[in-house]
Amino acid sequence: MSNKNKNLIYLDVCYFNRPYDDQVHPLVRLETESKLLIQEEVANGNLDRKRQIALWEGLSTKVITFKSDILSQTKQLMPKGIKSKDDVRIACAISAQADYFITTDKRLLNKTVAEIPIVSPIDFIRGYFHES
């Protein structure tokens, strides 16, 4: 996960909701802290030079419109057991050529998609700062 070569991340909807979840569980707290750190790095322009952060309102640099390639990609994701709506989000990330799909959704974190790594905020931070 070298930050020199990676520059586009897709931040999943559940990622943004993590601070509003019950913070009693240590993993939830760690994911919340990781989420806040990622956003701080983006806002400060430190995360891959803030080149392209897809679907982050106000800081998005790429707008993804629903096209035939996304529909085609969702059909390829369905046999992997990825639920409707999740398949569209992942297909959008692939269409945008994102380097990472960051989520806190445990079901998605257990899925493998060849075109894009699906990682938690904690794993992203671990890789980002390990290679910095």
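Observations, loosely collected:
- When the range 81-125 is filtered for residues that are acidic (Asp, Glu) and under 16 Å from Val13 (Cα atoms), the ones remaining, listed by number, are Asp86, Asp87, Asp105.
- Test: residue in the range 116-130 that is touching a Lys or Arg at 6+ places or on another chain (Cβ under 8 Å) and part of a loop (DSSP other than H, G, I, E, B): no
- Single match in Lys111, Lys83 (criterion: at pLDDT 90 or above, within 27 Å of Arg29 (Cβ to Cβ) and assigned to a loop (DSSP other than H, G, I, E, B)): Lys111
- Remark: pairs (first residue in the range 109-121, more than 21 Å from Leu37 (Cβ to Cβ); second residue small (Gly, Ala, Ser); Cβ separation under 6 Å; 6+ apart in sequence or on different chains) = Ile116/Ala93.
- Test for Arg18: is it modelled with pLDDT of 85 or more and either aliphatic (A, V, I, L, M) or more than 25 Å from Lys85 (Cβ to Cβ) (or both): no
- Within the range 87-125, tally of residues that are in contact with an Asp or Glu (Cβ under 7 Å, 6 or more places away or on another chain) and within 19 Å of Phe16 (Cα to Cα): 10
- Residue count for the range 90-102, restricted to those that are surrounded by fewer than 24 Cβ atoms within 10 Å (Cβ to Cβ) and part of a helix (DSSP H, G or I): 3.
- Scanning the range 21-54 for residues that are outside any helix (DSSP H, G or I), out of contact with any helix residue (DSSP H, G or I) (no Cβ under 7 Å at 6 or more places or on another chain) and modelled with pLDDT of 90 or more, we see that the one that is farthest from Cys92 (Cα to Cα) is Val24.
The values are calculated or read from the model by the stated rules, or taken from the named source; none is laboratory data. Remember, predicted model here, so these are calculated numbers, not experimental data. Every residue, glycine among them, receives a Cβ derived from its backbone with ideal geometry; neighbour counts consider all protein chains shown.
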